[in-house]
């Protein structure tokens with residue numbers, strides 16, 4: 001897969017900022033051009049949201065090679081040398097045409113130029129620009145750093161080579177590019193949204209339901225279906241054993257039923273705006289936009305994880321930055337005798353009804369810490385593919401202090417002992433703010449030949465890294481808790 | 001909250017069967033009336049899906065008092081004595097009127113009669129029936145046992161008392177009833193779906209996108225938003241700092257843009273049906289309806305869990321059957337010296353890349369087993385509300401065998417020792433199919449005064465239950481692994 005080395009983000013509002021965040025976190029160097037003097041502040045806020053989301057998606061895992069973020073005074077400077085240019089300017093054709101003229105003048109021949117427009121036609125935007133063959137619509141959804149879909153729509157001058165490269169580039173940053181066969185106003189997603197929106201406006205105007213009721217029907221019902229399967233797949237299931245053709249044949253007549261106010265558009269006046277805005281205020285129950293954004297992103301992260309657990313849809317696209325980092329060679333043992341194997345926050349989904357981290361999540365953290373050490377000794381995911389692996393055969397946890405959701409933690413790891421088949425590890429889990437010891441984890445790991453299904457001697461290269469760790473840590477005292485047994489001592 | 005003692009399900013297809021499954025699993029006795037001789041087989045299949053979903057939602061937890069399911073030959077027999085009657089017959093007004101006549105004749109005065117119709121008006125269905133004041137539309141979404149929304153729509157004769165009771169009854173079975181202010185064809189959800197559907201038909205007919213592409217735009221994009229927030233909340237966020245009024249004022253003009261084929265409906269002919277059906281077949285990639293239903297339900301369960309972790313929307317509605325069971329008094333120590341504290345399946349989300357249960361999920365299972373024992377000694381959720389609790393202070397796990405996704409497991413628990421503040425437990429985790437020992441878990445728990453933040457003496461009543469267990473298990477040999485330490489023994 002082609003990797004994007006440099007991207008230019010032209011226009012840095014909610015959408016442009018979301019693009020910059022997705023690109024940077026995927027390891028791409030990004031140059032931003034935006035005339036707004038407040039652009040950096042706004043983009044920093046979006047970047048903070050994106051980083052918080054990624055920290056929840058991959059707790060404690062380093063995000064591999066994060067890209068750099070620079071600001072340029074001119075479009076030309078941002079675009080120079082970029083593989084991908086993403087324009088997210090306001091939705092005015094004259095403005096977009098002027099910007100794409102500048103982009104085209106500075107762009108290299110094999111660039112991909114995507115416009116985030118949600119409605120304008122690519123043939124119109126690209127009409128007069130240089131490098132028009134490389135320009136297309138690439139329409140994302142907010143928040144861009146979490147929602148993977150991007151609609152790819154070529155114009156009259158767009159080359160098929162540019163479309164093919166765009167499909168490749170957007171895929172490389174964890175997105176789902178969908179290519180539309182013909183250009184059409186508003187493309188696919190916004191047409192669907194607009195159809196729902198008009199219908200909803202009538203429902204409010206006619207006093208059938210409030211904004212909150214309409215939203216509740218969506219989020220407690222059809223939205224739960226649409227997070228994983230669209231309407232055609234849903235109707236396929238609705239047809240059941242009788243099949244989709246039978247279902248469609250029966251469905252047809254309802255198109256003629258009086259189920260929508262198709263023939264008219266409600267008058268858009270102050271009264272209707274006020275009605276909707278007031279209902280929206282009621283629905284928000286005093287929560288600020290920033291609070292709602294955090295709720296939205298937390299929900300999206302967990303929905304994406306849920307789909308990942310089923311290897312389905314948007315969840316199947318999620319790239320594990322630790323694995324990416326390992327693949328890209330970031331797997332050498334750090335210097336020094338103190339080995340920090342994990343650092344991250346207590347995720348809110350890790351807590352019990354008291355708001356403290358729940359028992360088994362301690363082991364999840366220790367397990368991630370162990371995985372990091374295994375990568376350093378050459379026993380990570382790539383090694384597992386060779387047919388050998390390290391299995392935990394024994395674990396001893398001592399819980400020493402409570403820790404609440406959101407608090408930062410870190411793990412230091414000591415190698416207690418090892419031989420040619422076994423590793424005896426001892427983790428200390430600390431709260432970062434107070435430096436207090438939260439728990440210790442003692443683990444025995446066995447090197448296993450997975451095909452044979454039994455223990456085996458590890459390779460010499462792996463053992464020599466363990467020898468280095470043992471030598472560096474030789475002067476560390478053996479932890480008090482190591483080798484201890486569980487039991488009630490008599491008073 | 002009012003509890004439903006008996007419900008009648010009239011018509012047992014996909015929707016009626018889904019109602020029966022939701023009701024039974026919520027502890028309601030259900031009587032089914034359906035003239036289809038194949039009704040029981042179809043309902044059994046739906047019930048199996050629902051039970052599988054609940055087993056994933058609450059792994060290893062008993063589902064409290066499951067209701068009974070009986071089949072009656074007549075509507076009258078099913079309806080007699082029911083608090084709730086749910087009709088899910090085919091969508092023909094004459095048929096529905098005839099059925100509701102029979103329901104009304106057999107119903108008690110304070111019944112709630114809900115129709116699952118997705119389009120017919122309640123005023124028309126209830127026009128001539130007895131007990132018309134108790135009848136309303138209660139329109140659910142498929143699968144009813146997982147999706148919580150139900151649209152409540154009264155007709156001309158429906159009493160406000162019946163609506164209020166319906167809101168209460170549907171809430172009691174974990175649903176989200178939303179009350180529409182006026183009756184209208186197709187209510188809210190199906191109008192939104194219909195609007196999207198018509199738009200999609202044009203996109204396919206005009207060759208803009210295939211069924212799969214349209215569905216991808218939904219499930220990789222807007223559907224991820226709609227699983228948690230509807231369109232009004234989403235647009236509120238779209239408005240950002242400038243506010244929803246400003247956003248709406250700008251949004252207005254787009255209503256006049258040529259973004260939908262509003263004015264017409266595509267001709268519904270064999271050619272269009274064939275085009276869509278063929279694209280649907282392509283999209284399914286050979287997966288059967290049953291396979292897709294399982295995927296859908298697995299995704300829905302994990303999306304609901306994801307939202308529960310954020311205490312949001314549909315996730316916040318999920319009732320923990322174990323807690324319900326505890327509240328309803330099902331918390332006595334079982335007879336015998338063998339204490340089975342957990343049994344359930346290895347969830348697919350619990351496995352690593354090898355398809356085996358991952359390390360920390362063993363501790364999650366042991367933790368659930370410990371919680372069950374705590375309920376039996378009187379230390380469950382209700383006890384925690386008094387300000388005291390049991391904290392795990394130490395855990396020792398030995399991993400002895402692997403176990404794959406979907407395999408049944410069970411835990412037996414032995415009380416090794418206890419004093420007036422501490423409990424020393426030993427769990428054996430077995431694979432059910434082979435009877436093999438998968439792992440052991442040894443745990444020390446401390447009784448804690450949470451306000452004081454330190455250990456405290458447990459109540460006498462609790463200690464006496466532990467004494468009973470110790471006496472019954474006195475002859476059990478102490479497990480070999482109990483009290484063992486971790487370490488590499490020299491050869």
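Screening residue A:214 on (1) touching a strand residue (DSSP E or B) at 6+ places or on another chain (Cβ under 8 Å); (2) facing another protein chain (nearest Cβ under 7 Å) shows it passes everything except condition (1). Listed by first and then second residue, the pairs with beta-carbon distance under 7 Å, at least 6 apart or on different chains, first residue in segment B:44-73 and over 25 Å from residue A:306 (Cβ atoms), second at pLDDT 80 or above and part of a loop (DSSP other than H, G, I, E, B), are B:65/B:27; B:66/B:27; B:67/B:27; B:67/B:28.
For residues that are in a strand (DSSP E or B) and more than 32 Å from the chain's Cα centre (by Cα), scanning just segment A:400-424, find the one that is farthest from residue A:334 (Cα to Cα). Out of the qualifying residues, it is A:422. You will find that of B:287, B:261, the residue that is modelled with pLDDT under 75, assigned to a loop (DSSP other than H, G, I, E, B) and more than 8 Å from chain A (Cβ to nearest Cβ) is B:261 and no other.
Do we have any residue at all in segment B:434-446 that's touching a residue at least 60 places away in the same chain (Cβ under 8 Å) and over 30 Å from residue A:394 (Cβ atoms)? Looking through segment B:434-446, none of the residues is touching a residue at least 60 places away in the same chain (Cβ under 8 Å) and over 30 Å from residue A:394 (Cβ atoms). Between B:474, B:405, B:470, B:485, the distinction of being touching a helix residue (DSSP H, G or I) at 6+ places or on another chain (Cβ under 7 Å) and either modelled with pLDDT of 95 or more or more than 20 Å from residue B:378 (Cβ to Cβ) (or both) belongs to B:405 only.
The residues on offer are B:184, B:208, B:163, and the sole one that is more than 8 Å from chain A (Cβ to nearest Cβ) and either modelled with pLDDT of 85 or more or in contact with a strand residue (DSSP E or B) (Cβ under 9 Å, 6 or more places away or on another chain) (or both) is B:163. With respect to being under 34 Å from the mean Cα position of the chain (by Cα), part of a helix (DSSP H, G or I), more than 30 Å from residue B:271 (Cα to Cα) and modelled with pLDDT under 80, residue A:214 falls outside the description. Is it true that some residue in segment B:230-240 is more than 7 Å from every other protein chain (Cβ to nearest Cβ), within 26 Å of residue A:267 (Cβ to Cβ), modelled with pLDDT under 85 and part of a loop (DSSP other than H, G, I, E, B)? The answer is no; no qualifying residue exists. Residues of segment B:291-304 that are in contact with a helix residue (DSSP H, G or I) (Cβ under 8 Å, 6 or more places away or on another chain), surrounded by fewer than 19 Cβ atoms within 10 Å (Cβ to Cβ) and farther than 15 Å from residue A:230 by Cα: B:294 alone.
Take the conditions over 25 Å from the mean Cα position of the chain (by Cα), under 30 Å from residue A:183 (Cβ atoms), buried (at least 23 other Cβ atoms within 10 Å of the Cβ) and at the interface with chain A (Cβ under 8 Å from one of its Cβ atoms) and apply them to residue B:191. Does it pass? Yes: the conditions hold for residue B:191. Of everything in segment B:366-395 that is assigned to a strand (DSSP E or B) and in contact with a helix residue (DSSP H, G or I) (Cβ under 6 Å, 6 or more places away or on another chain), the residue that is farthest from residue B:452 (Cα to Cα) is B:392. The residues listed here are A:476, A:458, A:446; of these, the one that is assigned to a loop (DSSP other than H, G, I, E, B), surrounded by 16 or more Cβ atoms within 10 Å (Cβ to Cβ) and more than 33 Å from the chain's Cα centre (by Cα) is A:458. Here the helices (runs of 4 or more DSSP H) wholly within segment A:14-107 that include at least 2 residues being in contact with a strand residue (DSSP E or B) (Cβ under 8 Å, 6 or more places away or on another chain) and more than 20 Å from residue A:145 (Cβ to Cβ) are A:75-79, A:93-106. Flag: residue A:363 matches the condition of being touching a helix residue (DSSP H, G or I) at 6+ places or on another chain (Cβ under 8 Å), in a helix (DSSP H, G or I) and at pLDDT 90 or above. Across segment A:241-253, the number of residues qualifying as modelled with pLDDT under 70 and either more than 7 Å from every other protein chain (Cβ to nearest Cβ) or in contact with a helix residue (DSSP H, G or I) (Cβ under 6 Å, 6 or more places away or on another chain) (or both) comes to 3.
The values are calculated or read from the model by the stated rules, or taken from the named source; none is laboratory data. Quantities reported herein were computed from a predicted structural model and do not represent experimental measurements. Because the Cβ atoms are built from the backbone with ideal geometry, glycine has one as well, and the counts that use them run over all protein chains shown.
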